[in-house]
1. Tell me whether the range 5-252 comes out rounded, prolate or oblate; compute the Cα gyration tensor, take square roots of the eigenvalues as a ≥ b ≥ c, and use a/c under 1.5 as the rounded threshold.
2. Suppose the chain between Asp42 and Ala189 were pulled fully straight at 0.36 nm per residue; how much longer would it get relative to their current alpha carbon spacing?
3. Hey, how much of the P(r) for the range 1-113 falls beyond 26 Å, as a percent of Cα pairs?
4. Need the full-extension length gain, Ala218 to Glu109, defined as separation in residues times 0.36 nm minus the C-alpha distance. One decimal, nm.
5. What dipole magnitude, in Debye to the nearest 20, does the chain give about its Cα centre under +1 on Lys/Arg Cβ and -1 on Asp/Glu Cβ?
6. What's the FRET efficiency of Cys231 with Thr71 using the Cβ-Cβ distance as r and R₀ = 25 Å, to the nearest 0.05?
7. Return the ratio Rg/(2.2 N^0.38 Å) for the range 54-101, where Rg is computed over Cα atoms only.
8. Can you compute the FRET efficiency between Lys255 and Arg160 using 1/(1 + (r/R0)^6), with r the Cβ-Cβ distance and R0 = 30 Å? Round to the nearest 0.05.
Amino acid sequence: MELTAEQVAQYERDGFLIFPDLFSAEEVAVLRSEVERVSRIDSEMVVREGDDGAVKIMFRLHEEDGETASTAFRAAARTSRVLRAAQQCLRDDNVYMHHSKLNMKAAIEGSAWPWHQDFHSWHLDGIAEPNMTTMTVMLTEATPMNGCMYVLPGSHEVGRTNPRWDDSTAYNLWAATPGDMKEFMSQHAEPVAITGGPGTAAIFHCNLLHASGHNLSAEDRWQIFFCFNQCKNRPTDVENPRPEYVRSQNWAPLKVAAEDGILTAS
Ligand code: SIN
Ligand code: MN
């Protein structure tokens with residue numbers, strides 16, 4: 001898959017693109033069975049919560065080695081649908097993955113992510129330039145009821161804001177302040193809900209303000225995030241770096257691989 005010049009221009013203007021049904025039902029079924037398999041692994045990369053130990057997040061599914069390695073997710077990340085789109089949005093053919101994570105927002109209990117920009121954490125990882133992008137793929141339907149993501153169109157242009165450390169949610173992250181958010185929302189178009197059936201995907205800029213709500217539905221919401229960076233923008237050394245599974249040091253440029261790699265991995 002190759003994005004059109006219009007799509008790249010739209011990404012640069014709005015900070016995101018949505019791709020309905022980017023992956024087929026067969027591909028999603030393979031990825032979902034991998035989620036079931038990896039969620040049974042006992043690893044620091046499989047983060048659990050609550051009394052029943054339900055999995056909240058799984059990291060590093062895209063690598064060849066390691067406890068959570070998944071051939072199917074590795075193949076998904078290397079399809080042109082994901083990797084070529086990332087290369088085009090970053091306007092650079094030499095990109096690597098800073099991390100991958102799968103958020104399993106649990107039915108009824110799965111909680112909200114406040115408005116934030118991803119680049120704040122990544123800048124603290126030692127990355128200089130806000131030229132990173134994330135492709136997210138839905139493995140279940142995403143709806144307002146089950147806590148789909150919302151994005152604020154064009155908000156990547158505000159640059160890195162002055163966030164506050166928010167530990168009021170299950171996730172503990174650098175979030176935009178309410179004052180800033182009210183101002184940004186008065187200046188930009190209405191937030192857009194990133195909804196769609198399983199297999200739908202979206203790519204978004206690392207400074208795009210985004211959030212998601214509580215999962216009020218009776219079904220889990222599963223969504224994978226592949227976060228790409230330019231190889232030349234790799235992090236410099238920082239004191240107390242975060243673990244490798246969120247701050248990769250595998251800076252080799254990724255190569256586009258077979259489009260049917262998910263199906264042949266099964
Ligand atoms: C994120 O912002 O990194 C995740 C949001 C979500 O899973 O809804
Ligand atoms: Mn985020």
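1. Numbers: a/c = 1.22, a/b = 1.10, b/c = 1.10.
Cα axes put the range 5-252 in the rounded bin.
2. Values: separation 147, 0.36 × 147 = 52.92 nm, distance 4.34 nm.
Stretched out fully, the Asp42 to Ala189 stretch lengthens by 48.6 nm.
3. Details: 1918 of 6328 pairs.
Tail fraction, whole percent: 30.
4. Values: separation 109, 0.36 × 109 = 39.24 nm, distance 0.93 nm.
Stretched out fully, the Ala218 to Glu109 stretch lengthens by 38.3 nm.
5. Details: 23 positive and 38 negative charges, 61 e Å.
About 300 debye.
6. Values: r = 23 Å, r/R0 = 0.94.
Plugging the Cβ-Cβ distance into 1/(1 + (r/R0)^6) gives 0.60.
7. Details: Rg = 11.9 Å, N = 48, 2.2 N^0.38 = 9.6 Å.
Output field value: 1.24.
8. Values: r = 31 Å, r/R0 = 1.03.
With a Förster radius of 30 Å, E is 0.45.
Taken together, the values in this text are just the output of simple stated rules run on the coordinates, not laboratory data. Since we're looking at a predicted model, the values are computed, not measured. No Cβ is skipped: glycine too gets one built from the backbone with ideal geometry, and neighbour counts run over all protein chains shown.
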